[in-house]
Amino acid sequence: MDRFAALKDRYGFQSGAGFVETDIPTVRFFWSTEPVERAPLIYNAGLVLILQGHKTGYLGDRVFEYDPDQYLVLSVPVPFDCATFATPQDPLLGLFIDIDLSELRDLCAVIDDGAPARPSPLPGVTPAPLGPDMRDALARLLGLLTSPVASRALGAGAVREVMFHALSGPHGDALRALTRNDSHQDRISRTIARIRQDYAHPFSVDDLARDAGMSAPVFHRAFKAITGSSPHQYLQTTRLHRAKGFILFDGLPVAEAARRVGYDNPAHFSRAFKKHFKVSPKAAQNSGYVPIDV
């Protein structure tokens, strides 16, 4: 990690895997010094930029790589499987930039070329090539992150530059759609926000479709086109990931974690957890097996 020695000195990337907040509020580093087999995760909406190492993502029948030459555009939080390739000698290091919707709207207002909005929903996770302009903007952002003062003074502008190039890139339409009221992307994004906030609530697809102002069949098709999963699958995945956090990071007993995310039957929860994460809740609790989501 010689190229990133100044960043390591500033943020202390230790052995193992983890993430750390930076001096710019919307930016985080994540890293791993060891490989992680294919496992489920959920990223928040944002940009994932790999600085060193690489990952492979699996979403339905799609397989995609993201590495120093390709970044991920996530217009909504999307559950998918991911494998990490890293060693102590060649660790993985990445940067995650959250989407600030107000900043995104402001940028879109500046660069809007008057082109009509695409009517169909767009995938919520897509890889994009790291072109020269984005690469230069990323280098400037990384330079600022070595200095707390520079981060505070100039960081917001550097993040804005990176987001500008993402909007101007091949998958910027998915980000632009978030700023268009009542687009499929906007409606599904608001539904996802509700699910992630009230994950223990016994939602039905009809309830969610009604709240989104869509018929149930149209809502279901749009939701799956954007997230790669049905609304019911997305809700269950969200519950399991929340429970994982309660078990691994908050130290809650398995039965209590299950109850908090809306499972009345602990045995049913344990079966669903093991099917999703390929490890039982108790084994995960004892080993910390399941990787951290970003």
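Miscellaneous remarks
- Among the residues of this structure, I247 counts as one that is under 23 Å from the mean Cα position of the chain (by Cα) and over 20 Å from F80 (Cβ atoms).
- Which listed residue, of F64, F80, is among the hydrophobic types (A, V, I, L, M, F, W, C) and either surrounded by fewer than 20 Cβ atoms within 10 Å (Cβ to Cβ) or outside the structural domain of G157 (by TED's automatic domain parsing) (or both): F64
- Evaluating T146 against the criteria (1) in the same structural domain as T56 (by TED's automatic domain parsing); (2) crowded, with 16+ Cβ neighbours inside 10 Å; (3) touching an Asp or Glu at 6+ places or on another chain (Cβ under 9 Å); (4) outside any loop (DSSP other than H, G, I, E, B) leaves one unmet condition, (4).
- Filter result (in a loop (DSSP other than H, G, I, E, B) and crowded, with 21+ Cβ neighbours inside 10 Å) within region 25-45: A45
- Which listed residue, of F269, F273, F219, is buried (at least 16 other Cβ atoms within 10 Å of the Cβ), within 21 Å of N181 (Cα to Cα) and over 17 Å from the mean Cα position of the chain (by Cα): F219
- Listing of helices (runs of 4 or more DSSP H) fully contained in region 177-294 that carry 1 or more residues being in contact (Cβ under 8 Å) with a residue 24 or more places away in the chain and among the aromatic types (F, W, Y): 216-227, 231-248, 266-277
- When we screen A139, A128, A156 for residues that are aliphatic (A, V, I, L, M) and touching a Pro at 6+ places or on another chain (Cβ under 6 Å), the only hit is A128.
- Of all residues in region 250-266, those satisfying the criterion of being among the small types (G, A, S) and surrounded by fewer than 16 Cβ atoms within 10 Å (Cβ to Cβ) are G251, A255.
- Segments classed as strands (runs of 3 or more DSSP E), wholly inside region 46-99, with at least 2 members that are over 24 Å from G12 (Cβ atoms) and touching a strand residue (DSSP E or B) at 6+ places or on another chain (Cβ under 7 Å): 54-59, 62-66, 70-74, 78-85
- Screening L240 against (1) under 17 Å from the mean Cα position of the chain (by Cα); (2) surrounded by fewer than 20 Cβ atoms within 10 Å (Cβ to Cβ); (3) more than 20 Å from A174 (Cα to Cα) leaves a single unmet condition, (2).
The values are calculated or read from the model by the stated rules, or taken from the named source; none is laboratory data. Keep in mind the model is a prediction, meaning the values are calculated, not measured. When we count neighbours, we look across all protein chains shown, and the Cβ atoms used for this are built from the backbone with ideal geometry, even at glycine.
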